[in-house]
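Bear in mind these aren't lab numbers, they're just calculated from the coordinates by the rules spelled out. It should be emphasised that the depicted structure is a prediction, and the values quoted were computed from it without experimental measurement. Backbone-built Cβ (ideal geometry, glycine too); neighbour counts: all protein chains shown.
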Amino acid sequence: MSALVIRPFRPADAVGTSELFRRVYGYHYVSPDVYLPHMICQHNLHQRWHSMVAVLDERVVGHAALCQAVPRHEDAELALMAVDPTLQGSQIATRLGRQLLERCQDLGLARLSIKQVTSHPYSQRLAQRLGFHDTGLMPDHVPSPFDVALAETVVVGCQMIQGHRRPLPSIRWPATCQWFMAPMASRFGVTLDDAPCSVQPLQLRQLPGRVDVVAGHIGRHLARQLQQLPAHWSISVRLSLRRQFNDDYRRLMAAGFIFTGLMPGEADISWQALFHRGALARRLDLISAPMQRLHEQLQAHTENWRGSITSSAA
């Protein structure tokens, strides 16, 4: 048998890469692009993906990529990981990830993120091995590739490339999330510079299993309108993190939401605060103690909130 080779993606690998995703996930992977070799080539050609493959006996048996929403931007996500079922447990995903991390400086990247599925612990262990720090929980975020009837909760991880920073704004955090935010500020740093006023327009999207809200800030009227949305909706909010966070936090909590951490902003070096209302009842055993605590708080809050809704309706 030939030795396993880890190398950058070539156009000739596209068909084998697509076949790999079908072997691993069937047709349940969250990104349909992986099922079209043409799209795999196109993303790499236009530098939206920087793919790495593992090849054994001329067969693609592993894939991972640095994905950029905006080519040549300083942020990327380590994603699109797949390893042939017959070779899982042989550290191929770790080797692919480390090779991609070594390319970050040459690609001009300053910051990386990763989204870890929580239906099994492997991706969480992988993120820890590769040096990511968990920053937030995204409940019921995507359809699970392992159980099509279940939405997958995701843990967000973040990593700074050497010499770069992504500081948090200087905020006196609410007492109920101080336990989480103080270590975050210690790890990523704090800036006293005034962030520019957010011009993030309000976005509202219906996605599988949930409604996704993106906002620059939460005023009283918007908070009241969010509170009046149907109680059976599962609603996720990504909120620009700013100095007035305490006001936004208080209004969202009063509207039935609960804080679930942070994630990197998409367009600059900012951060977004995560909130959720109406999570599925489920047990998760997460590797990260802070993520486990956020999940348990979410579950308790959701049960109490649903109980209060039922009582008021009666």
Next item on the list: Divide, for the chain, the radius of gyration over alpha carbons by 2.2 N^0.38 Å, where N is the residue count.
Entry: 1.04
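Calculate the FRET efficiency for Ile161 and Ile309 from the Cβ-Cβ distance with a Förster distance of 41 Å, rounded to the nearest 0.05.
On the way: r = 45 Å, r/R0 = 1.10.
FRET efficiency, Ile161 to Ile309: 0.35.
Please identify every one of the chymotrypsin sites (Phe, Trp or Tyr not before Pro) in segment 196-270 that sits in a loop by DSSP and has no more than 15 other beta carbons within 10 Å of its own beta carbon.
Details: sites: Trp233, Phe245, Tyr249, Phe257, Phe259; in loops: Trp233, Phe257.
Within segment 196-270, the qualifying chymotrypsin sites (Phe, Trp or Tyr not before Pro) (loop, at most 15 other Cβ atoms within 10 Å) are Trp233.
Report the calculated FRET efficiency for Ala12 and Val70 (r = Cβ-Cβ distance, R0 = 30 Å), to the nearest 0.05.
Numbers: r = 28 Å, r/R0 = 0.92.
So, using R0 = 30 Å, E works out to roughly 0.65.
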Note to self: Give me the extension gain from Leu280 to Ser90: residue separation times 0.36 nm, minus the current Cα-Cα distance, reported in nm with one decimal.
What the structure shows: 65.0 nm
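Compute the length gained on full extension between Tyr122 and Thr191: take 0.36 nm times their separation in residues and subtract their Cα-Cα distance, giving the result in nm to one decimal. Don't skip to the answer; put the middle values down first.
Numbers: separation 69, 0.36 × 69 = 24.84 nm, distance 3.44 nm.
Answer, rounded to one decimal: 21.4 nm.
What chymotrypsin sites (Phe, Trp or Tyr not before Pro) in segment 1-63 are in a loop by DSSP, with at most 14 other Cβ atoms within 10 Å of the Cβ?
Numbers: sites: Phe9, Phe21, Tyr25, Tyr27, Tyr29, Tyr35, Trp49; in loops: Phe9, Tyr27, Tyr29.
Those that pass, being in a loop and sparsely packed, are Tyr27.
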Next item on the list: Filter the GluC sites (Glu not before Pro) in segment 45-80 to those in DSSP coil with at most 12 other Cβ atoms within 10 Å of their Cβ, and list the result.
Entry: Glu58
Check: Which value in nm describes the separation of the simple spin-label points at Arg22 and Gln228, placed 7 Å from the Cα toward the beta carbon?
Finding: 5.0
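Do you know the relative contact order of segment 39-176, to the nearest whole percent, from alpha carbon pairs under 8 angstrom that are 6+ apart?
Computed over segment 39-176, the figure is 18 percent.
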Next item on the list: Rank Arg210, Arg187, Arg125 by mean-square fluctuation in a GNM of the chain with C-alpha springs under 10 angstrom and give only the top-ranked residue.
Entry: Arg187
